[in-house]
Amino acid sequence: MLPEDEVDAIFEGYRRSAFRLETLDHYDVGSDGGDVARYIAGEPDPDPDRKGPWLDELRSERAAGKLRHRVHVLRTPLTGYLRYECEWGYVPNAAAGEQIHILDLTETELPTGIEILEDFWLMDDQTVLRMHYDAQGVYLGASLADDVVPYRRTRDAALAAGTDFDAWWNQHPEYWRANHRE
């Protein structure tokens, strides 16, 4: 695993594009600042002291011409965590300029062009950070991939097959917290 300062330097140093493939239905990471529990408990909004600076960063990146985009490969019905991630993560992130796509394997088959079905970041088409999690979604660290080509092909296939998040979310109001019944 890479030291955390090296991972941070890769993120801080990207110039054009940062692509993320997500494959888990739950992430147990400290960066949510307790917002998952707040969402599940019915609180009205994410913690603005945590979420606001992130949205500002997304807007700044977009204004600088940087592309941050992702595809989340998932299956419905959504878990409570995925409902949180969509409603309190993706909705405001997309409004701030992140391009988000959903590849719902309940609605479509996994495209043949997807060669890598693990969480990763592809930075500036050159650097791949393989993201490692345990069975509970706890982040363990990141490692570099030796061959970037299958990750590029996976990105391209996932983006081509994925549905724009806003369109997908609007087709699934049953997952909106206002409409969802546990």
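The values are calculated or read from the model by the stated rules, or taken from the named source; none is laboratory data. The shown structure was predicted, so the numbers you read here are calculated from the model rather than taken from an experiment. Note that we place each Cβ from the backbone using ideal geometry, even for glycine, and neighbour counts take in every protein chain shown.
Laid out as a table, the results:
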{"read-out": "Leading residue by the ranking (surrounded by the fewest Cβ atoms within 10 Å (Cβ to Cβ)) among those in the range 133-150 that are touching a residue at least 60 places away in the same chain (Cβ under 8 Å) and farther than 14 Å from Asp25 by Cα", "value": "Leu140"}
{"read-out": "Qualifying positions in the range 148-182 - part of a loop (DSSP other than H, G, I, E, B) and under 20 Å from Thr23 (Cα atoms)", "value": "Val148, Gly162, His172"}
{"read-out": "Criterion violated by Thr79 - all others in (1) under 16 Å from the mean Cα position of the chain (by Cα); (2) at pLDDT 95 or above satisfied", "value": "(2)"}
{"read-out": "Candidates Val128, Val138 - the one that is of a type in the set (Val, Ile, Thr) and in contact with a helix residue (DSSP H, G or I) (Cβ under 8 Å, 6 or more places away or on another chain)", "value": "Val128"}
{"read-out": "Some residue of the range 60-75 being touching a helix residue (DSSP H, G or I) at 6+ places or on another chain (Cβ under 9 Å), more than 19 Å from Phe120 (Cα to Cα) and modelled with pLDDT of 95 or more", "value": "no"}
{"read-out": "The one condition in (1) touching a residue at least 12 places away in the same chain (Cβ under 8 Å); (2) of a type in the set (Gly, Ala, Ser); (3) closer than 23 Å to Glu12 by Cα that Gly80 fails to fulfil", "value": "(3)"}
{"read-out": "Selected residue (criterion: farthest from Met1 (Cα to Cα)) from residues of the range 121-148 that are of a type outside the set (Asp, Glu) and in contact with a Lys or Arg (Cβ under 8 Å, 6 or more places away or on another chain)", "value": "Leu122"}
{"read-out": "Yes/no for Gly52 being free of Cβ contacts under 8 Å to residues at least 40 places away in the same chain and under 15 Å from the mean Cα position of the chain (by Cα)", "value": "no"}
{"read-out": "Qualifying residue in the range 141-152 (condition: within 25 Å of Lys51 (Cβ to Cβ) and of a type in the set (A, V, I, L, M, F, W, C))", "value": "yes"}
{"read-out": "Residues satisfying the stated conditions in the range 26-59, i.e. among the basic types (Lys, Arg), within 24 Å of Tyr14 (Cα to Cα) and at pLDDT 90 or above", "value": "Lys51, Arg59"}
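The rows are residues; the columns are (1) basic (Lys, Arg); (2) more than 12 Å from the chain's Cα centre (by Cα).
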site	(1), (2)
Arg70	yes, no
Glu98	no, no
His101	no, no
Ile116	no, yes
Leu122	no, yes
Gly137	no, yes
Asp147	no, yes
